[in-house]
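K.L.:
Right, I'll just put the structure down here and ask away after.
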Amino acid sequence: MNKSLSAIGVLACLLISTVSANDKVIRIYHDSDYTSHSSSAQAMKMGFLTALDEIDYKIGNYQLEFVEKDHRGNVVRSHRTMKQFVNDPSALFILGGLHSPPYIKYRQYINDNEILLLVPWAAGGPITRHPDSNNWVFRLSVDDSKAGLRISDYAVNSKQCKSPHLLLEDTGWGTSNFKTITNYFESSLSITPEVTWFNWNTKDNAAKLILREIAKSESDCVIFVGNAIEGATFMTAMTEVEQFNLPVLSHWGITGGNFPQKLGSSTLSKLDLSFIQSCFSFVSSEETPFSQSVFARGQKLFPEALTDYRSL
C-alpha cells in the first residue's frame, strides 16, 4: 500500500469487521465548515481525495466513499453528524475540520460511542489531551499546548515582546490558547498578559473600539487567536486605527478562509503580521520526487484550484 495511506490502511484493517460483508462501501465523513470557512474545508478535501486517488479509492474489496458534512461552524450540526455516523454501519471514521469547539464539547460523546476521529486542523488541546484513558481521537497536526508555546516564544525572542495583549475568540479554542500562553509568560517573564475576548462575527466598529483600548495600554504586541473572518475584520481595523502600530502574532486560524483576498496586498503590507504554520509547504520546502508526484496528482484532479507552485 502507498505510504501516504498506510495509517488509513491500518485503521481499515482494524475496523473492517464493523462493515457488513455484503456492503462493499466504506464511508469517510468529513465534518467541516464548508460554508463560512470553505477554503479550509476544500483544502482538506482535496488533500484527502488526492491520497485516496493513489489507491483508486479502494482498500481490499471495499470502495471508499468521501462524504461532505457541512457543520457551518455550529457544534449542534457537528453533533448531528456524529450521531449519523454512529448509526451508519458502513462508516469508518470522521475526518475533522477547522473548528475545535465541536470536538471539545462532544469529546466524551466521541469516546463513549467509539467514534474514530482524525483531526488534521482543529488545534484545541482538550480534543486529544483528555483525562479519560479511552481515546478514539487521533491528532494529525500540532495542538495548542505546542502552538501556543511556539507563538509565545517567537513573540519574545523574535519580536522582543515583553508585554503582550491576548486577543482571543471566546470559545474552547481560545480558552485552550489562553491557558498555554498565559502559563508561558507567567513562568518565563513573571507577567500575566492582558486579555480581550471577542465573539464570532465581531464587526468593524466593535473591533476598532477594542483596538483603541489596546493601543492605550502598555502592551507591545498582540497575540491573536481567531479565524479568517474575524481575523480580516481585526487586521483591517488595525490599519485604520491611527493609534495602533503593534506587531501581531497569530494562530493559523486566519489561513482557513479568504483572509488575504479580503485584506488585499496594500492592507497586508501595512501590517507587522506573523502566523504559525506547519513546516512543510509545496512553495518553500525542498522538492522531492514524492512531493512532486503528490502535487501533480492533486493538480490533475483539481486543475482549477491548484496552480503550479513552482511559478509562485
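The values are calculated or read from the model by the stated rules, or taken from the named source; none is laboratory data. Quick caveat: nothing in here was measured; it's all calculated off a predicted structure. A quick note on method: Cβ atoms are made from the backbone with ideal geometry, for glycine too, and the neighbour counts reach across all protein chains shown. Side chains included, ligands, DNA and RNA excluded: accessible areas come from the protein's heavy atoms. Shrake-Rupley method; radii C 1.70, N 1.55, O 1.52, S 1.80 Å.
K.L.:
Quantify, in whole percent, the carbon and sulfur part of the accessible surface of the chain (1.4 Å probe; protein heavy atoms only).
P.N.:
That share works out to 51 percent.
K.L.:
Suppose R0 equals 25 Å; then what is the FRET efficiency for S285 and D308 from their Cβ-Cβ distance, rounded to the nearest 0.05?
P.N.:
0.95
K.L.:
So, one more: With +1 on each Lys and Arg Cβ and -1 on each Asp and Glu Cβ, and nothing else charged, work out how big the dipole of segment 145-187 is about its Cα centre, in Debye to the nearest 20.
P.N.:
Values: 5 positive and 4 negative charges, 38 e Å.
Charge dipole of segment 145-187: 180 debye, to the nearest 20.
K.L.:
Specify the inter-centroid distance of segment 233-258 and segment 150-213, based on alpha-carbon positions, in whole Å.
P.N.:
Result: 13 Å between the Cα centres.
K.L.:
Would you calculate the separation in nanometres between label points at L189 and N87, each defined as 7 Å from the Cα along the Cα-to-beta-carbon direction?
P.N.:
Each label point is offset 7 Å from its Cα along the Cβ direction, giving 5.2 nm.
K.L.:
At 0.36 nm per residue, minus the direct Cα-Cα distance, what do Q243 and K179 gain on full extension? Give it in nm, one decimal, please.
P.N.:
Fully extending the segment from Q243 to K179 adds 20.2 nm.
K.L.:
Let me spell out the model: positive unit charges on the Cβ of Lys and Arg, negative unit charges on the Cβ of Asp and Glu, origin at the Cα centre of the chain. What dipole size does that give, in debye rounded to 20?
P.N.:
240
K.L.:
While we're here: Report the label-to-label distance for W197 and N135 in nanometres (one decimal), using points 7 Å from each Cα along the Cα→Cβ vector.
P.N.:
Result for the modelled spin labels: 2.8 nm.
K.L.:
Mean separation of Cα pairs under 8 Å and 6+ residues apart, divided by the residue count of segment 150-261: what relative contact order is that in percent?
P.N.:
The value is 31 percent.
K.L.:
Okay, moving on. Calculate how many DSSP beta bridges within the chain are antiparallel, expressed in % of all such bridges and rounded to the nearest 5.
P.N.:
Rounded to the nearest five, the antiparallel share is 5 percent.
K.L.:
Further question: So what is the calculated 222 nm ellipticity per residue for the chain, using -39500 (n - 2.57) for each DSSP H run with n of 4 or more, over all residues, to the nearest 500 deg cm²/dmol?
P.N.:
Result for the chain, helices only: -13000 deg cm²/dmol.
K.L.:
On average, how much accessible surface per residue is there in segment 184-231, in Å², for a 1.4 Å probe, leaving out ligands, DNA and RNA?
P.N.:
50
K.L.:
Would you mind computing, in nm to one decimal, how far apart the modelled labels at E218 and S163 are, each placed 7 Å from Cα along Cα→Cβ?
P.N.:
Between E218 and S163, the simple spin-label model gives 0.4 nm.
K.L.:
At q = 0.13, 0.14, 0.15 Å⁻¹, what log₁₀ I(q)/I(0) does a Debye calculation on the Cα points of the chain give, no solvent, two decimals?
P.N.:
Results for the chain at q = 0.13, 0.14, 0.15 Å⁻¹ read -1.00, -1.13, -1.25.
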